[in-house]
Amino acid sequence: MYILGSKSPRRKLLMEKDIVPHFAVLVADIDEDASYKYKPLKAVKDIAYRKGRKILSECDEPEDVIITADTIVVLKNKIIGKPKDEEDAKDILRRLSGKLHIVYTAYYIHFRDKEVLHYDESYVKFNVLSDELIDKYVESGKPMDKAGAYGLQDNNDFELVKYVRGSIKNVIGFPTEKIIKDLKKMGAMK
């Protein structure tokens, strides 16, 4: 059985669409803030790894395929997490306005006696955002559960992003292109 270790609705959708239609969802309750003492790439990899190991410790089926992931937004080598409240979301969006930032998604896969910990990175350039656009976006509630206070999938309704260099699915939070390659290498997918 495939197990997705994430409560993200976007990851669930990409898992179902790109990897397998049926899977279990388990959420690893870990302290993500403990990883923020590291540099950004190490931090996101540490979170994905610890989520995966936590779920592995709760599963007793050797044939399970466990996949966990974590996504962070990085601006000027500083991690921008999920907003704490609406004012924080507005502040984050003002900081990203007109700038290029990096989105890292690290993922951990465990199958039988094999495990991988990899990541993907994409570069996202924001449009210059007006205060009116920022206010409307925050009022919609959409940025509140997302790293960097935005979701690329919201760009049709709110023109936040000018362009993306790299995987769009990585920016959404689940680089299925790379995950599928690793699943096949591990013999967990045909």
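The values are calculated or read from the model by the stated rules, or taken from the named source; none is laboratory data. Keep in mind the model is a prediction, meaning the values are calculated, not measured. Positions of Cβ are generated from backbone atoms using ideal geometry, with glycine treated the same way; all protein chains shown enter the neighbour counts. We work out accessible area using only protein heavy atoms, side chains counted, and drop any ligands, DNA or RNA first. Shrake-Rupley method; radii C 1.70, N 1.55, O 1.52, S 1.80 Å.
So the values come out like this:
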read-out: Residues being in contact (Cβ under 8 Å) with a residue 12 or more places away in the chain and either open to solvent by less than 30 Å² (accessible area, probe 1.4 Å) or more than 21 Å from Lys162 (Cβ to Cβ) (or both) - total across region 85-99; value: 8
read-out: Test: residue in region 146-154 that is out of contact with any Lys or Arg (no Cβ under 9 Å at 6 or more places or on another chain), open to solvent by less than 70 Å² (accessible area, probe 1.4 Å) and modelled with pLDDT of 95 or more; value: no
read-out: Sole residue being under 27 Å from Tyr38 (Cβ atoms) and β-branched (Val, Ile, Thr), chosen from Ile109, Ile180; value: Ile109
read-out: Given (1) touching a residue at least 60 places away in the same chain (Cβ under 8 Å); (2) open to solvent by 30 Å² or more (accessible area, probe 1.4 Å); (3) under 17 Å from Ser8 (Cβ atoms), index of the condition Lys142 fails; value: (1)
read-out: Residue satisfying all of: in region 1-28; surrounded by fewer than 20 Cβ atoms within 10 Å (Cβ to Cβ) and farther than 21 Å from Phe111 by Cα; farthest from the chain's Cα centre (by Cα) among these; value: Leu13
read-out: Elements of type strands (runs of 3 or more DSSP E) contained in region 1-82, each with 2 or more residues being more than 20 Å from Gly148 (Cα to Cα); value: 2-5, 65-75
read-out: Condition broken by Ala106, with the remaining ones in (1) open to solvent by 10 Å² or more (accessible area, probe 1.4 Å); (2) within 19 Å of the chain's Cα centre (by Cα) satisfied; value: (1)
read-out: Boolean, Ala48 is touching a residue at least 40 places away in the same chain (Cβ under 8 Å) and crowded, with 19+ Cβ neighbours inside 10 Å; value: yes
read-out: Asp60 being surrounded by fewer than 18 Cβ atoms within 10 Å (Cβ to Cβ) and on the phi < 0 side of the Ramachandran plot; value: yes
read-out: Selection from region 106-122 of residues that are of a type in the set (Gly, Ala, Ser) and either touching a residue at least 60 places away in the same chain (Cβ under 8 Å) or touching a Pro at 6+ places or on another chain (Cβ under 8 Å) (or both); value: Ala106
read-out: Which listed residue, of Lys136, Lys82, is free of Cβ contacts under 8 Å to residues at least 24 places away in the same chain and out of contact with any strand residue (DSSP E or B) (no Cβ under 9 Å at 6 or more places or on another chain); value: Lys136
read-out: Failed item in (1) open to solvent by 50 Å² or more (accessible area, probe 1.4 Å); (2) assigned to a loop (DSSP other than H, G, I, E, B), with Leu129 passing the rest; value: (1)
